[in-house]
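The values are calculated or read from the model by the stated rules, or taken from the named source; none is laboratory data. This one's a predicted model, so the numbers in the text were calculated from it and none came from an experiment. No Cβ is skipped: glycine too gets one built from the backbone with ideal geometry, and neighbour counts run over all protein chains shown. Note: accessible area is taken over every heavy atom of the protein model, side chains too, but ligands, DNA and RNA are not part of it. Shrake-Rupley method; radii C 1.70, N 1.55, O 1.52, S 1.80 Å.
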4 protein chains.
Amino acid sequence: MADHGELQEQVFQGNLDLVRAGLVVLTFGNVSGVDRSENVLAIKPSGVPYEELRPEAIVVVDLETGDVVAGERPSSDTATHAVLYRRFEALGGIVHTHSRFASAWAQAGRDLPCFGTTHADHFRGPVPVTRALAADEIQGDYEQRTGDVIVETFEGRGLDPLETPAALVASHGPFAWGVDVAQAVENATALETVAELALYTLVLKAETSALDDDLLERHFTRKHGPDAYYGQPR
Amino acid sequence: MADHGELQEQVFQGNLDLVRAGLVVLTFGNVSGVDRSENVLAIKPSGVPYEELRPEAIVVVDLETGDVVAGERPSSDTATHAVLYRRFEALGGIVHTHSRFASAWAQAGRDLPCFGTTHADHFRGPVPVTRALAADEIQGDYEQRTGDVIVETFEGRGLDPLETPAALVASHGPFAWGVDVAQAVENATALETVAELALYTLVLKAETSALDDDLLERHFTRKHGPDAYYGQPR
Amino acid sequence: MADHGELQEQVFQGNLDLVRAGLVVLTFGNVSGVDRSENVLAIKPSGVPYEELRPEAIVVVDLETGDVVAGERPSSDTATHAVLYRRFEALGGIVHTHSRFASAWAQAGRDLPCFGTTHADHFRGPVPVTRALAADEIQGDYEQRTGDVIVETFEGRGLDPLETPAALVASHGPFAWGVDVAQAVENATALETVAELALYTLVLKAETSALDDDLLERHFTRKHGPDAYYGQPR
Amino acid sequence: MADHGELQEQVFQGNLDLVRAGLVVLTFGNVSGVDRSENVLAIKPSGVPYEELRPEAIVVVDLETGDVVAGERPSSDTATHAVLYRRFEALGGIVHTHSRFASAWAQAGRDLPCFGTTHADHFRGPVPVTRALAADEIQGDYEQRTGDVIVETFEGRGLDPLETPAALVASHGPFAWGVDVAQAVENATALETVAELALYTLVLKAETSALDDDLLERHFTRKHGPDAYYGQPR
């Protein structure tokens, strides 16, 4: 039997980072990570208070079957995470929160537009909101359908999940992700920040236009891809 | 004479939790609990600063007569709590605050609509605002009438107090409750959070519709009732 | 020569309480107290960082002449405080801040309306905004004229300074006061809170009406005057 | 070779002060200082977390050539700072942030109007927003053009950089400055505060007029220039 201690430790740290970033509203918030070689994901257990969380309590689940490999009951959102890992193969970590400003955009059913360079430094365009789920989707495998509707949104719009590393689930809240757990938490934090900035921007100018494409591209590629020159060389 | 130490301790802890949750605005905030077998409620004393509060200072009051059984002067809102305990028999704990966003909805005289799953996880529909009290109700047993108008609102709308565990008293502020003190504090916290989310949502989309009934039901029953599957099994 | 150590200590503590209450924006914020028997006021020195403040650095000033009795340079707002102490004889402490929400109402040139019981617990009606000062008032003894225009506002509207213990100076910010330093700080805190509540209320309902007079009177007299029954008996 | 230890220490402290002031959103925020006698600027290194920053890691750069004199890779915004130091000779320190409210004004493309005395105490009129950069400016030496467009804005409007010690770069965020690093940080803090106040003011009164010139002048000159009388004599 494989040892998942390192993955559990990363996911444990990611969950604590989420709390420190102020993104956990009430008890809502879960961070997961994936081990592609073992075909498992690790995620916060359901309903365990953050202050009682320990690395060995992080639940390990088979990515295909959903069977629990280690730990007790996984987060009730596990099926959503699993869909995203299966369909978006570049993902290494996923974060779900009900963070205040991002959830407000989700509740309003609006795409989060790119109004400035803070947004463009993290997201190559608007963060999309999904369509509402139909009654049969809600009454059936609801958490799986939540993952499906995110995938449908990205495929329908031709979006690359690493260029737009977040989605707003309509009437619900945000999911964000990245190549690893740390980047997923960073993108969830960036999402909440730009959601707050964008709301204030609309208060000041209701008809604000989206950022010019040239500036969007310059900022995104300053931090991402082969021509990145932001940060220290690694 | 009965010993009310355990009830006083729970109410003491609930009052401290209220402060930690950031819900106490100025000195406004009181938590009570009930002991149905002894027919008493226990509540914060009036005008005592939170930092000076100790478990033995929690005032115990007869639920029917309002007579003080232990301690000094009870919160001036005690009569409101007593009405709610007498009429809503499932209640074990009650919280009253002037928390910022919930009070703003109360001041605006608007029901707090269910705009998303964060709300539906705690409240099975909108949190109702009461009608304004009439002059004679205000000039008479004002605190008792405040309880009465909450009961009137729930009876008039056919609401179950455990499915909608909070009310907004018009031009005043929120009351929230639960099966015990801890759940009452949790619901008061959830109420403030969804009141904040809902205000931001309206800024982004003035005509936001209430959450679809299917999604509301799915989220409420995910956490409440016989089919709940959120959290660890107890 | 009189010893003003006790007054300086109270004013020192009041200034620290102002910082703890989160009311000091940038370096703006000063608290004063008065000793009617000695005819002096004590006030924060000008431009001294709060972390370097000590009781003996609190400046004592003659209430009539403005001469410094103890300490170095008093706050540049001292003349405003002196006018208020001379004209409103019931005042024992005064606070001036640029706190965020109260200053926004002052900048908007709007009276802060009484929208709910949180307001009515502290202020017996709207908190008035002054008229704008004329060019010659600004170019002359500006700080004294700032005090004069507050007095003019209260006299013109027939307001009792202890029933409405605050004013908004147009395009500037709030002054609050009380029978002693501690009450002045409490009223400044209450003012900022109800200014925040009122702004959110207007976002939710642009045409919110002022609180009904019956409810305003009930709440104000619950805490103030001969029939008060809020808090522990003293 | 010159020792730049003192300048590095000042810039190090300024960067920490920026974090303490709550102005650093995500990782965005850099503080620089200049040594005119040595013709160098010192600035935060690119992509180094604040908690790992040490004085000796502050990068020293030749003001004319941009060559690194000490340290590793400078902030990617260094070219913007260099332009401002070369063109505005009175500047001793510069701060760039993506602070929430100032960035919202920048994203809305609106000048930050002077609505009250808090603003007038720091800025002798509105804080200007730049024009948008053209495609060729963005695709070329983008960071240098960002500095150029700030200079163009000030020259076009005939503004004195020490009287209006900040600018909003359209769709991006604020730059603020001062005669030294400490004053630059202070002005960045003041800018964020008045940006927040001004947004709330517009919510309360959409058509708020700019502050009367007499009051603006009185407040600005109370703190600045030969007739200043605010603060302790130095």
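About the centre of its Cα atoms, the stretch B:101-234 shows a dipole size close to 360 debye [charges on the beta carbon of Lys, Arg (+1) and Asp, Glu (-1) only; nearest 20 debye].
Across the stretch D:133-141, computed HN-Hα scalar couplings (Karplus, 6.51 cos²θ - 1.76 cosθ + 1.60, θ = phi - 60°) run 6, 7, 4, 5, 5, 6, 7, x, 7 Hz from first to last residue, x flagging Gly and Pro. At a probe radius of 1.4 angstrom, the accessible area of the stretch A:95-171 per residue rounds to 29 square angstrom.
Of the candidates D:His119, D:His224, D:His172, which one comes out as most mobile in a Gaussian network treatment of chain D with C-alpha springs shorter than 10 Å? Result for chain D, Cα springs under 10 Å: D:His224 fluctuates most.
Along the charge dipole of chain C, Cβ charges K/R +1 and D/E -1, which of C:Asn39, C:Ala132, C:Val61 sits furthest on the positive end? Of the options given, the answer is C:Ala132.
Closest approach of any chain D Cβ to the axis that rotates D onto C belongs to D:Val203, 5, distance given in whole Å. Converting phi to 3J(HN,Hα) with the Karplus coefficients 6.51, -1.76 and 1.60 and the offset θ = phi - 60°, the stretch D:169-181 yields 7, 3, 6, 10, x, x, 10, 9, 8, x, 6, 8, 4 Hz in sequence order, with x at every glycine or proline. If you sort D:Asp67, B:Asp180 by accessible surface, 1.4 Å probe, largest first, the order is D:Asp67, B:Asp180.
Computed over protein heavy atoms with a 1.4 angstrom probe, the accessible surface ordering of A:Lys44, B:Lys205, D:Lys223, largest first, is B:Lys205, D:Lys223, A:Lys44. For the residues D:Leu162, D:Leu41, D:Leu18, a GNM of chain D with alpha-carbon springs under 10 Å puts the largest fluctuation on D:Leu162. Of the whole protein surface, A:Glu6 contributes about 140 Å² of accessible area at a 1.4 Å probe radius. Mean-square fluctuations from a GNM of chain D, with a 10 angstrom spring cutoff on Cα atoms, peak among D:Gly47, D:Gly178, D:Gly156 at D:Gly156. Put the Cα centre of the stretch D:1-76 next to the Cα centre of the stretch A:59-74 and the gap is 47 Å. If you fit an axis through the alpha-carbon atoms of helix A:142-157 and take the longest principal axis of the Cα set of chain A, what angle between them do you get, 0 to 90°, nearest 10? So the helix axis and the longest Cα principal axis differ by about 40 degrees. For the residues of B:204-214, the average number of beta carbons from a partner chain within 10 Å of their own beta carbon is 5. Per-residue surface analysis assigns C:Arg110 an accessible area of about 80 Å², computed on protein heavy atoms at 1.4 Å probe radius.
Ranked from shortest, the separations from the 7 Å Cα-to-Cβ label point of B:Leu16 to its equivalents in the other copies are 2.4, 2.4, 3.4 nm. Peptide B:17-27 is shielded by partner chain Cβ atoms: per residue, an average of 2 of them sit within 10 Å of its Cβ. A simple charge model with +1 on the Cβ of Lys and Arg, -1 on the Cβ of Asp and Glu and nothing else charged puts the dipole of chain C at about 660 debye relative to its Cα centre. Calculated [222 nm] ellipticity per residue, helices only, for chain C: -12500 deg cm²/dmol; basis is -39500 (n - 2.57) per DSSP H run with n ≥ 4, divided by all residues, nearest 500. Residue by residue along D:145-155, Cβ atoms of other protein chains within 10 Å of the local Cβ number 0 on average. With a cut-off of 12 Å between beta carbons, the residues surrounding B:Phe220 carry a summed charge of -3, where Lys and Arg count +1 and Asp and Glu -1. Once the partner protein chains are put back, the stretch C:104-121 shows a loss of at least 10 square angstrom of accessible area, versus the chain by itself, at C:Ala104, C:Trp105, C:Gln107, C:Ala108, C:Arg110, C:Phe115, C:Gly116, C:Thr117, C:Thr118, C:Asp121 (probe 1.4 Å, ligands and nucleic acids excluded). For the protein assembly as shown, carbon and sulfur atoms together expose 46% of the accessible surface, with a 1.4 angstrom probe and every protein chain in place. What angle do you read, to the nearest 10 degrees and between 0 and 90, between the alpha-carbon axis of helix D:213-223 and the longest principal axis of chain D? Approximately 40 degrees, to the nearest 10. Couplings 3J(HN,Hα) of the stretch B:89-106, computed from phi: 6, 7, 6, x, x, 9, 10, 10, 9, 10, 4, 4, 6, 4, 5, 5, 4, 5 Hz, in residue order, whole Hz [Karplus 6.51 cos²θ - 1.76 cosθ + 1.60, θ = phi - 60°; x for Gly and Pro]. Between B:Gly178 and B:Gly92, B:Gly93, B:Ala184, the built amide H atoms are under 5 Å apart, and every one of these is 5 or more places off in sequence or on another chain. For B:Lys44, the lysines whose Cα falls under 27 Å of its own Cα, not counting residues fewer than eight places away in the same chain, are C:Lys223. Average projection, convex hull of the Cα set of the protein assembly as shown: 41.2 square nanometres. Rounded to the nearest 100, the interface formed by chains C and D buries 2800 square angstrom of accessible surface, both chains summed, with a 1.4 Å probe. When only alpha carbons of chain A are considered, Rg and Dmax amount to 17.4, 58 Å. Calculate how steeply helix A:78-87 sits against the longest principal axis of the alpha-carbon atoms of chain A, using the helix alpha-carbon long axis, and give the answer as 0 to 90 degrees to the nearest 10. Once rounded, the angle reads 70 degrees.
Could you please state, rounded to a whole Å, how far the C-alpha centre of the stretch C:81-108 is from the C-alpha centre of the stretch A:102-181? When both Cα centres are located, 48 Å separates them.
Rolled with a 1.4 Å probe across the full set of protein chains, the surface gives A:Glu9 an accessible area near 70 Å². Ordered by solvent-accessible area of protein heavy atoms (1.4 Å probe), largest first, the residues A:Phe12, C:Phe154 come out as A:Phe12, C:Phe154.
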